[in-house]
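Below is one structure, written out as C-alpha cells; the observations come after it.
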Amino acid sequence: MNFRTIIEPFRIKSVEAVKYTTREEREGRLAEAGYNVFLLHAEDVLIDLLTDSGTGAMSAAQWGALMQADESYAGSRSYYRFRDVVRDLTGFRHIIPTHQGRAAERILFHTILKPGMVVPNNNHFDTTRANIEVEECEARDLVIAEGRVPSAVHPFKGNVDLDALERTLRDDGDRIPLVMVTVTNNSGGGQPVSLENLRGVRALCDQYRKPLFLDACRFAENAWFIKQREPGQASRTPKAIAQEMFSLADGCTMSAKKDGMANIGGFLAMNDDAWAEEAGTLLILTEGFPTYGGLAGYDLEAIARGLEEVVEEPYLRYRIRSTEYLGEKLQAGGVPIIQPPGGHAIYIDARALVPHVPPLEYPGIALANALYLEAGIRGVEIGSVMFGLQRDGSEKASAMELVRLAIPRRVYTQSHIDYVAEAVLEVARQREALRGYRIVTPPRPLRHFTARFERLEG
Ligand SMILES: *Cc1c(COP(=O)(O)O)cnc(C)c1O
C-alpha cells in the first residue's frame, strides 16, 4: 500500500482518560508547584511531554509476557530469554541487567575508572557525566561543530569529531580507559550518529587500543536515521543496522526505559571477561543477583519483547515521523526549533522566541509555564535553570535556552500532536506578554527538579 498518510501502527485495546482542567485550576496548581512543572501532580497535566523515559505504552504482547514471567531468584527463565534477545541484538558476551541506565553507568565506571582519567564521548548524558565526575574523572564532549549550533542542518549532528578524538587519544591516551558514543545523542537534541562515523571511531580505538562502548538508549531510532539518511543503507532492516552498530563496539550501557519500550530497566553488556567479573561483583552489592539485577522477572520479559518490537519498521517509521511532524508544524508557524528534529523530542529555542526575557530570567521557564497554563501541556526547560548554577554558587547563562517536548512512545495519537502544535503556536502568538521568573529557594545541585519560582512583573 503506497499511501502518503503514515498511521499509528497499532490499534488501541486499553485506554486511560486524560483529565481536563480549567485555566483557573491550572493557575492554582502551578502557583502551588512554585511555578516549576516538575512539582505538578501528573494528574493535573493533560498531555505530558516531560520525558520519553519509562513513559511509553507497552504492547499487548508485553503485558501478556508479564504473566508468563518466572520470578525465581536465581537462573530465572525470564533472564535467559532477556539475555538471548540482548545477545542476538548486540552480540556481546556478558549481559548484566540493571534497574535502569544510570545503574549500568555507575557499575561500569566504578569498575574501570581511577581518579584523573578521561572519558571521551560525543556528548555525555547528564547521569553519564555525573557518574564519571563522581569518580573524580573528566567527561569530555567531542561532538562535531554542527552539533553545537541549534540552527545548523546536518544529517548526523551527533557524530564524533574524529580529529578531536584523535588528538585526545594521542595527548591523553594513557588516561583513557574507554571511548563512548551516545546513540542517538540525547544532550545534543536526539541527533543520530552515522555508521561511517562509528567506523571511524572504531578505527581510532583500534589504533590506540581502546575499547569502545555505546550509550545505546536510543539505538533503534539511530538505526532508523541511518536507514533514511546514510548512502547505501536504505534497503537494510533497522535490526541489521543496529546489529552492525553494536558489532563496532565492545560493550554498551542501556536504559530500557527508552528503546527498551519498558517502564523500567536497563543493562550493561560487554565482551571483556575481567571487567564483567568485577562488574558482576558490584552488581550483587547494589542491584541484585546477576540473573535479575534489580528487576522483576516480568520486567525482563517486557524488555525482551520490547527490544524485538522497537526495531520493527512500521513502528520506527511512525515514531520518527510523528516527532518530525510536530517539528514541521511548529516551524511552519514560525516557531524556532533545533534543526533538524531529532528522534524523541522537539526542542523549542526559547531565547529566540522570547528575546525580551533575559537568560537569567529564564525564558525556558516562561515558555514551559505558559504552555501549561494555556493548554495543560508539560514540557521541560533545558537552559539556565538546569545548567546555569556554578560550583561556586554564582549563576551563568547557559549556551542555549530550550524547552523540550519529548514524545512518549506509542502513547499519543496524531490529534494529540495537532493539539500540541496549535497550543505552541497560540503561546508564540502571545509571546510579548510572557514575563521572566526568579528563583526563591536556596541554590542546590540539580536545582531544576526542586527550585521554586516567582513571576516577575512589568
Ligand atoms: C536516559 C538516559 C540515560 C540514563 O538512563 P536512566 O534509565 O534514566 O537511568 C543515559 N544516557 C542517555 C543517552 C539517556 O537518554
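Screening Gly188, Gly232 for residues that are within 13 Å of the ligand (Cβ to nearest atom) and of a type in the set (Gly, Ala, Ser) leaves exactly one candidate, Gly188. Hey, can you tell me all the residues within region 191-213 that are open to solvent by less than 10 Å² (accessible area, probe 1.4 Å), more than 16 Å from the ligand (Cβ to nearest atom) and farther than 13 Å from Asn121 by Cα? Hits for region 191-213 are Ser194, Leu195. Of Val118, Val45, Val86, all but one fail to be modelled with pLDDT of 95 or more, more than 20 Å from the chain's Cα centre (by Cα) and in the same structural domain as Phe289 (by TED's automatic domain parsing); the exception is Val118. Looking across region 127-164 at every residue that is under 23 Å from Glu105 (Cβ atoms), open to solvent by less than 60 Å² (accessible area, probe 1.4 Å) and of a type in the set (A, V, I, L, M), the one that is farthest from the ligand (Cβ to nearest atom) is identified as Ala164. Considering region 83-126, and only residues there that are among the hydrophobic types (A, V, I, L, M, F, W, C) and away from the ligand (no atom under 16 Å from the Cβ), the residue that is nearest to Met386 (Cα to Cα) turns out to be Val118. Out of curiosity, is Pro177 of a type outside the set (Phe, Trp, Tyr) and touching a Lys or Arg at 6+ places or on another chain (Cβ under 8 Å)? Here the answer is yes, as Pro177 does meet what is asked. Candidates Ala57, Ala65: the one that is touching an Asp or Glu at 6+ places or on another chain (Cβ under 6 Å), touching a residue at least 60 places away in the same chain (Cβ under 8 Å) and open to solvent by 10 Å² or more (accessible area, probe 1.4 Å) is Ala65. Note on region 346-458: enclosed strands (runs of 3 or more DSSP E) holding 1 or more residues that are in contact (Cβ under 8 Å) with a residue 60 or more places away in the chain and open to solvent by 60 Å² or more (accessible area, probe 1.4 Å) are 437-439, 453-455.
The values are calculated or read from the model by the stated rules, or taken from the named source; none is laboratory data. Treat the numbers as computed from the prediction; the structure is a model and nothing was measured. With ideal geometry, Cβ positions are generated from the backbone for all residues, glycine too; neighbour counts draw on all protein chains shown. Side chains included, ligands, DNA and RNA excluded: accessible areas come from the protein's heavy atoms. Shrake-Rupley method; radii C 1.70, N 1.55, O 1.52, S 1.80 Å.
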